[in-house]
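The values are calculated or read from the model by the stated rules, or taken from the named source; none is laboratory data. As the structure is a computational prediction, the values presented were derived from the model and not from experiment. Every residue, glycine as well, gets a Cβ built from its backbone with ideal geometry; the counts of neighbours run over all protein chains shown. Protein only, heavy atoms only, side chains kept; ligands, DNA and RNA dropped before computing areas. Shrake-Rupley method; radii C 1.70, N 1.55, O 1.52, S 1.80 Å.
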Amino acid sequence: AIAGGAGVVSVYPIDLIKTRMQNQRFGIYESKMYTHSVDCLTKTFQLEGFTGLYRGLLPQLIGLAPEKAIKITVNNLLRDAFTANDLITGEAKVPFSLEVLSGGCAGACQVLVTNPLEITKIRLQVEGETA
């Protein structure tokens, strides 16, 4: 959990910049708010300071542990359900296609549960933008 949190904190400003660049809205006669990623980073830092680069971090950190727990639990439950003994060697195996299905289902369950936190994070990230 600590390593995951450190990873989130270290790359979070990049995620914030990406979200703000994607969220830019402009009409026919309006110019973009940011011309490129460095411009977005510079303007965010100038207008909001260092803490502005971490706007919306708390929901991301709160959702980290449940996100990983859900993914690992569902994946393990499905892999256990799909495990079969090899007729020749007697070794317990999960066919590759069912391994992929287990991982996909685990990821889907994770997204369903943690999506509200992701939406909260995105709303907080774009909240600091000024037009």
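Here are a few things to note about the model shown:
- Residue pairs meeting the criteria (Cβ under 6 Å; at least 6 apart or on separate chains; first open to solvent by 100 Å² or more (accessible area, probe 1.4 Å), in segment 75-93; second of a type in the set (A, V, I, L, M, F, W, C)): N85/A92
- Annotation: of all residues in segment 22-50 being closer than 21 Å to T120 by Cβ and more than 22 Å from the chain's Cα centre (by Cα), the one that is most open to solvent (accessible area, probe 1.4 Å) is R25.
The rows are residues; the columns are (1) modelled with pLDDT of 95 or more; (2) surrounded by fewer than 17 Cβ atoms within 10 Å (Cβ to Cβ).
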{"position": "G63", "(1), (2)": "no, no"}
{"position": "P95", "(1), (2)": "no, yes"}
{"position": "S102", "(1), (2)": "yes, no"}
{"position": "A106", "(1), (2)": "yes, no"}
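- Among the candidates V113, V126, the residue that is within 13 Å of the chain's Cα centre (by Cα) and either in contact (Cβ under 8 Å) with a residue 40 or more places away in the chain or closer than 19 Å to V9 by Cα (or both) is uniquely V113.
- From the options V74, V38, residue that is of a type in the set (A, V, I, L, M, F, W, C) and over 28 Å from I2 (Cβ atoms): V38
- Some residue of segment 119-131 being open to solvent by 70 Å² or more (accessible area, probe 1.4 Å), modelled with pLDDT under 90, among the β-branched types (V, I, T) and farther than 28 Å from L47 by Cβ: no
- Count of segment 95-110 residues which are more than 15 Å from the chain's Cα centre (by Cα) and of a type in the set (G, A, S): 4
- Search result, residues across segment 1-35 that are aliphatic (A, V, I, L, M) and out of contact with any Gly (no Cβ under 9 Å at 6 or more places or on another chain): A1, I2, A3, A6, V8, V9, V11, I14, I17, M21, I28, M33
- Test for D15: is it closer than 28 Å to I2 by Cα and open to solvent by less than 40 Å² (accessible area, probe 1.4 Å): yes
- Residue-level check: of (1) open to solvent by 50 Å² or more (accessible area, probe 1.4 Å); (2) out of contact with any Lys or Arg (no Cβ under 8 Å at 6 or more places or on another chain); (3) closer than 30 Å to L112 by Cβ, L53 misses just (1).
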